[in-house]
Every structure is written in structure tokens, then in C-alpha cells.
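Since the structure comes first, as C-alpha cells, the remarks are kept for the end.
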Amino acid sequence: MIEANALRKTFNKGKVVAVDEVSFSARDGQITGLLGPNGAGKTTTLRMLYTLLKPDSGGIKVDGIDPTAEPLKIKRALGVVPDSRGLYDRLTARENIRYYGRLHGLDRATIDRRIDEFVRVLDMAEFIDRKTDGFSQGQRVKVAIARALIHDPRTVLLDEPSNGLDVMTTRALREFLRQLKSQGRCVVLSTHIMQEVAALCDRIVIIAHGRVAAEGTADELLARSGEKTLEDAFVKLIGSDEGLLA
Amino acid sequence: MMAVYIKELLDNFRDRRVIINTLILGPLMGPVIFAVMISFMTRQATERMEAPLELPVVGAEHAPNLISFLERQGVIITEAPDDPEAAVRQEVEEVILRLGPDFAEAWEAGHPAPVELIADLSLRYSGTTIARVRGYLGAWSGQVSQLRLQLRGVHPDLTRPINVQVTDLSTPESRGGMVLAFLPYFILITVFMGSMHMAIDTTAGERERKSLEPLLINPLPRWQIMAGKLGATTSFALMTLALGLVAFVIAMSYLPVEDMDMALNLDLRVAAWAFLLCAPAALMAAALLTILAAFAKSFREAQSYMGLVILVPMIPSFWILIDPTRTVTWMTMVPLLSQNVLILDLVRGEPMNLAWVGLSLATTGLAALVLAAIAGTLYNRPNLIFTSG
Ligand SMILES: Nc1ncnc2c1ncn2[C@@H]1O[C@H](COP(=O)(O)OP(=O)(O)OP(=O)(O)O)[C@@H](O)[C@H]1O
Ligand SMILES: [Mg+2]
């Protein structure tokens with residue numbers, strides 16, 4: 001459960017307003033999608049959620065935990081697949097994932113068990129013991145997801161997870177995210193691809209120019225805009241169709 | 001923290017190029033250069049001292065006595081080239097002796113007879129030869145003046161009001177210490193080189209591969225992540241230091257030191273002391289380089305900063321080389337300088353002043369900890385985390 005309340009973040013001494021009064025909530029057992037064009041402020045919002053950036057103002061609560069008061073506790077509660085998914089290419093996929101397990105303070109047996117699980121669920125058997133040098137985008141994303149979720153977090157944040165993935169891998173990824181949801185987790189993902197939220201998300205938060213343009217289920221958004229298709233609804237709610245039609 | 005430490009070591013040990021460069025070539029380079037340099041220098045010096053001296057002479061016929069004296073001393077008198085100045089300038093000859101017709105005249109008249117040595121004093125290699133020629137000329141001049149005084153019934157000692165004797169207290173070790181003057185520089189540079197790659201890889205490298213942001217999301221205080229990285233870098237630096245010192249000990253044992261009448265006081269015991277002295281410098285180097293590299297966005301950018309920083313350990317070393325002075329207490333409190341002076345004392349075979357060692361360890365350790373603490377705060381700055389935008 002995430003509650004974001006009037007988040008605001010500026011860069012370059014206030015000259016660039018990246019996120020302006022963004023409020024939304026994401027519930028457990030649901031997939032919440034942050035939808036917005038490039039530069040809308042999705043990554044910045046997520047970075048504030050996973051405490052890498054401090055908001056200029058506004059508050060966040062994850063499962064009731066306040067990140068400013070308990071930054072480490074909130075990091076334990078979150079599993080994050082950020083924008084940058086750099087792996088250590090001299091280490092194997094397994095070693096990459098194991099490293100994050102150790103950083104979370106997990107013991108060896110737990111880590112190995114969790115890795116075996118991911119190998120099965122994410123279909124990684126073929127490359128799990130290969131050095132990650134030369135991995136394809138899809139393989140990288142899988143490793144990044146596995147290492148982010150090694151500690152079995154209740155809340156999962158993903159920044160543009162399907163970036164650079166082919167159709168088959170995207171389908172597998174969506175299937176995996178639905179599994180997370182059915183396990184009762186709170187899943188938040190950002191994307192600029194409208195079809196993705198339409199296919200996957202229970203709740204949609206539309207962000208444009210650093211502000212929340214609209215929030216609700218697909219049906220609510222349709223009703224509010226008075227349009228017939230989601231596509232038209234989004235265009236109307238954002239005020240333009242820039243960058244949303246993949 | 002341990003997880004970061006272990007991972008960084010594992011990660012870097014996987015890179016064969018790093019291992020070869022920092023753990024093999026790095027520590028070997030110093031001793032090899034050093035050994036080659038020293039054996040070359042000493043061979044040259046002994047050759048110059050002992051090789052028969054060939055001396056081209058212009059106008060030998062004007063001073064047959066002098067010439068036969070020189071020949072009796074084993075000097076080989078050769079025909080001088082037509083243009084002696086040009087020959088010296090073109091470095092065909094080192095020294096040419098010229099005796100003009102006025103030599104004989106002055107000689108007959110009992111005036112000081114002019115003898116001209118043509119040489120280029122700015123050529124350092126000719127110094128030994130000039131000194132030898134001057135020595136022979138001085139000896140002959142002394143002989144002649146004694147004869148002249150005796151002929152007039154004056155005791156020659158009258159012209160020698162004092163008799164200077166130098167009692168040389170230098171020991172073979174201390175003479176060896178002169179040769180080892182470069183050693184502290186090589187040792188310190190090894191430490192800096194040893195930590196350089198790792199400092200870059202763990203910070204700028206992490207940014208370049210875009211793995212820093214995900215790393216910092218882990219539930220670990222940021223200073224601990226930095227501490228793990230620093231620890232790994234310091235371990236690497238210590239490893240290179242140890243290997244470098246051992247390589248030095250081995251290389252020095254192959255030098256023909258007895259021929260030079262000196263002893264190189266560099267055994268494993270001295271190496272162990274040097275290791276102890278330089279250990280805090282390793283942390284200092286690691287922290288300093290890590291701080292710099294953390295500001296760089298890529299490997300290359302970091303490397304370009306490093307080029308300059310590598311000069312830092314050279315400053316005190318060169319200062320000592322240019323202006324050698326006795327070790328005094330304040331010197332042992334300046335990081336990098338203290339390692340220099342104390343290692344020099346060590347190789348000169350002087351007893352270790354434990355208070356100085358303590359001061360050096362304490363001050364360098366303190367500087368290292370301050371730098372490490374600064375490094376620990378670096379990852380709290382957002383602009384050092386994000387690769388772009
Ligand atoms: N570290 C930073 N320094 C300066 N400006 C920044 C920084 N991070 C983000 N911005 C600015 O904030 C705005 C929002 O950026 P953000 O990365 O959050 O967008 P986004 O919605 O994730 O876009 P995309 O779909 O391209 O990933 C942009 O105008 C960006 O230039
Ligand atoms: Mg983004």
C-alpha cells in the first residue's frame with residue numbers, strides 16, 4: 001500500500017519543476033500504472049517513492065512507513081526495478097542476484113532457494129550461470145527483476161519494465177506481474193505505452209507535465225472523459241496525444 | 001558492508017587485465033626499472049673509473065716531461081683532432097689537453113705554464129674523465145714543485161700548512177641508502193597505482209554501467225556501501241604494496257652490490273617495516289582516488305583526473321631527492337613525506353625511532369580517515385548518483 005501526498009520535486013534550484021503536487025495511492029493486490037509521456041515526471045516520482053530522491057515537499061507512506069523516519073525499513077519493504085538496470089558483467093546472473101540477496105542480509109540457503117524459484121518462474125535456466133556480459137535486453141530485465149525481488153518484498157516498483165522487450169518477453173513479463181498481484185502484492189509500474197496500462201493495470205494514474213491529470217480505473221476514466229475508447233480518453237485527459245501511442 | 005567488500009574483490013579478480021596490470025606488472029615495474037637503472041649506473045661509474053684513460057693532446061711536443069709522466073701513469077696519449085673545440089662540441093671526445101708554444105716559454109722562465117683542458121662541463125658523463133685528468137695534472141704539478149723547492153733547499157712541507165684528512169664514517173649500508181634514495185617514491189607510486197583501478201571501477205565504473213542507482217536502493221546506509229568499496233580498494237592497494245616490496249627485496253638481491261662497496265639494506269625485515277609505514281598511506285590513496293573517481297561519470301573521465309593525482313606522491317619524494325636533509329620531527333607528521341624520510345632512514349640502516357613511526361602512522365592514518373569519512377558522505381549527493389538527467 002502506497003500513499004503519495006502532494007509530492008513536489010524541482011531540479012536546478014527550482015528552475016525545472018519535475019513533479020508538482022502529485023498525489024495518488026496504490027493498493028495491495030492491484031497493479032497501478034503511472035502513465036505519461038517522456039519527461040512527464042514518472043521516474044522522478046518513483047525515485048521519491050524508493051527514497052533515492054527527497055521530495056521538496058509532500059509526504060509518502062508505504063505500508064504506513066514514513067521514508068524520512070525509517071529509510072532503511074522502507075527499502076526493505078520495497079522491491080525496485082529502476083530505470084537503469086546495470087548488471088556487473090564480470091559476474092554471472094546468479095552472482096548478480098546473490099549479491100543483492102547478501103545486501104539484504106539474507107542467508108545463503110534462502111538466497112539459493114529464491115533464485116531457483118526465479119529461474120523457474122522467469123525461465124532463466126539457460127543463462128543463470130553465464131556472465132552477464134553480452135546479455136540481451138530481455139535477459140537483463142529478468143536478472144534485474146530477480147535481484148530486485150530477492151527479498152520477497154510486499155511492494156514492487158518498476159520503471160518502464162517493458163522497455164526494449166519483444167512481444168513474447170513482454171507477454172511473459174505481464175504474466176509475471178499478474179502473478180505478483182495475485183499473491184496480494186502492491187505493484188506500481190510506469191510506462192508511456194497506453195496499451196500496456198490498458199492490458200495490465202487495475203488503476204491508472206495519468207501524469208503529464210509533473211501533475212496528475214487523472215486517476216481511476218479504466219472504466220472510470222472512460223466515464224469521466226465521455227469518450228468511447230481508452231485511447232481517446234487519454235488524449236482528452238492529457239490534452240494532447242504526445243508520446244502515448246506506441 | 002562485507003557483502004560489498006567481497007563482491008568488489010570477486011568482481012575485480014575476474015578481470016584478468018586488472019590482475020595482470022595491477023597485481024603483476026605494477027609491483028614488478030618499480031623493482032625492475034630500479035634494478036636496471038642502478039646496475040647500469042654503477043657499471044658506468046666503475047667502467048669510467050677503471051678503464052684506461054685515452055687523452056688526445058694538442059702540442060704534445062711542447063711538454064715532453066708532462067707527456068711522459070702521463071704515460072707512466074697509464075694514460076694513453078692520442079693524436080688530437082684538427083679542430084679540438086668542434087670535436088668536444090660534437091661529443092667525439094670528452095676532454096682534450098692543449099699545450100701551446102707559450103708553455104715551453106713560461107716553463108723556462110719559471111712562470112706558471114698554461115695548460116688548457118677543453119671540455120663541456122655541462123655533459124655530466126664527462127665529469128669523471130675530467131676529474132681524472134685534473135688529478136694527474138695536479139699530481140705532476142705537486143711533484144715538480146717539490147723538486148723545485150728541494151733544489152733550493154726548502155722543505156716541501158712548508159707549502160703544506162695544513163693536512164686535511166676525511167674520516168669517512170659512512171657504512172656500506174648508508175652508502176647503499178644513497179642508492180636507495182628512489183625507493184620511497186617507487187613504493188608510494190605502487191600504492192597509488194594499486195588502488196587506482198579499483199577506485200575507478202567501484203565508483204565511476206558503477207555509474208558508467210548504470211548499476212549505482214539499483215545498488216543504492218538496497219537497505220544499507222550509504223556510508224556502508226562506500227566503506228565496503230573503500231575496504232576492497234585498500235586491500236587491493238595493500239596487496240600491490242606487499243607484492244611490490246617482495247619484488248624489490250628479490251630484485252635488490254641480484255644487484256652486484258659488493259663491487260660497489262656498499263650494502264643494500266633491503267631484506268624482508270625492512271620490507272615489513274616499510275609495509276607497516278605505508279599501510280595507512282594505502283587507505284589514504286584509496287580514499288583520495290575514490291573521492292575523485294566518484295565525481296567522474298565514466299572510466300575515462302576518472303582516468304584523466306588520476307593522471308594528475310599520481311603526481312602527488314612524487315612531490316615529497318622529489319623534494320627529498322633535490323634537497324636531502326636530516327629527518328626532523330615535523331617531517332614525520334606530514335603524510336607521504338613521513339613515509340619518504342622514514343623509509344630512507346630505514347634503508348640507511350639507522351635504528352628506527354619508534355616515536356617517529358608512531359607519529360607517521362597516526363598522522364597519515366588520521367588524514368586517511370578524514371578522507372574516508374568524506375568519501376562516505378559522497379553517496380548522499382544526488383548529483384553523484386544519476387548518470388543522466
Ligand atoms: N537529476 C535531474 N536533474 C535535472 N533535471 C531532472 C533530473 N531528473 C529529472 N529531471 C527533469 O525532470 C523532468 C521529469 O523527468 P523524469 O525522468 O521523471 O520523466 P519520465 O516521466 O520518467 O520520462 P521518460 O518517459 O522519458 O522516462 C524532466 O524534465 C527531466 O529533465
Ligand atoms: Mg523515466
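Read-outs: derived from the displayed coordinates by stated rules, not from any lab. Nothing here was measured: the structure is a model prediction, and the numbers come from that model. Cβ atoms come from the backbone with ideal geometry, glycine included; neighbour counts cover every protein chain shown.
Binning the alpha carbon pair distances of chain A at 10 angstrom intervals from zero yields the distribution 7, 31, 35, 21, 5, 0, expressed in whole percent. Restricting the stretch B:7-99 to GluC sites (Glu not before Pro) that sit in a DSSP loop and have at most 11 other Cβ atoms within 10 Å of their own Cβ leaves B:Glu91. Phi angles of the stretch B:74-80 translate, via the Karplus equation with coefficients 6.51, -1.76, 1.60 and θ = phi - 60°, into HN-Hα couplings of x, 6, 9, 7, 10, 5, 7 Hz per residue; Gly and Pro are given as x. Each part gets one Cα centre, and for the stretch B:173-211 versus the stretch A:1-40 those centres are 46 Å apart. Helix B:337-347 axis versus longest C-alpha principal axis of chain B: approximately 60°, rounded to the nearest ten.
Residues A:Ile128, B:Ile162, B:Ile118 in ascending order of nearby Cβ atoms (within 10 Å, fewest first): B:Ile162, B:Ile118, A:Ile128.
Between A:Arg211 and B:Thr325, the distance separating the two model label sites (each 7 Å from Cα on the Cα→Cβ line) works out to 7.0 nm.
Farthest towards the positive end of the charge dipole of the stretch B:44-171, among the residues B:Leu97, B:Leu70, B:Val57, is the Cα of B:Leu70, using unit charges on the Cβ of Lys, Arg, Asp and Glu. When the Cα positions of B:Val4, B:Gln44, B:Leu28 are compared along the charge dipole of the stretch B:1-112, B:Val4 comes out farthest toward the positive end, with charges on each C-beta of Lys, Arg, Asp and Glu. Helix B:222-253 versus the longest principal axis of chain B: what is the Cα-based angle in degrees, 0 to 90, to the nearest 10? On a 0 to 90 degree scale, this one is about 30.
Look at the stretch A:77-89: the mean tally of other chain Cβ atoms within 10 Å of its residues' Cβ atoms is 5.
Taking the Cα centre of the protein assembly as shown as reference, the dipole from Cβ charges on Lys and Arg (+1) and Asp and Glu (-1) amounts to some 3040 debye. Annotation: the residues B:Leu276, A:Leu237, B:Leu354, sorted from fewest to most other C-beta atoms within 10 Å of their own C-beta, follow the order B:Leu354, B:Leu276, A:Leu237. Averaged over the residues of peptide A:98-107, the number of Cβ atoms from other protein chains lying within 10 Å of each residue's Cβ is 5. Only lysines eight or more places from B:Lys229 in sequence, or on another chain, were considered; those with a Cα closer than 16 Å are B:Lys7. Where only DSSP H runs of four or more residues are counted, the protein assembly as shown gives -16500 deg cm²/dmol as its mean residue ellipticity at 222 nm, each run worth -39500 (n - 2.57). Taking the centroid of alpha carbons for each part, the stretch B:1-75 and the stretch A:95-144 are 53 Å apart.
Other protein chain C-beta atoms within 10 Å of residue C-beta, averaged over B:200-213: 3. Given a Förster radius of 56 Å and the C-beta distance between B:Leu147 and B:Arg17 as r, what FRET efficiency does 1/(1 + (r/R0)^6) yield to the nearest 0.05? Approximately 0.15, to the nearest 0.05. For the stretch B:51-165, a simple Cβ point-charge model (Lys and Arg +1, Asp and Glu -1, everything else neutral) yields a dipole of about 760 debye relative to the Cα centre.
Helix B:183-202 and the long axis of chain B differ in direction by around 30°, with both axes built from C-alpha atoms. Remark: the B:Val370-B:Asn383 segment gains 2.5 nm on full extension, using 0.36 nm per residue and subtracting the alpha carbon distance.
When B:Trp330, B:Trp140, B:Trp319 are arranged by Cβ crowding within 10 Å, least crowded first, meaning fewest neighbours, the order is B:Trp330, B:Trp319, B:Trp140. Evaluated with a Cβ-only charge set (Lys, Arg +1; Asp, Glu -1), the stretch B:248-389 carries a dipole of roughly 720 debye about its Cα centre, given to the nearest 20.
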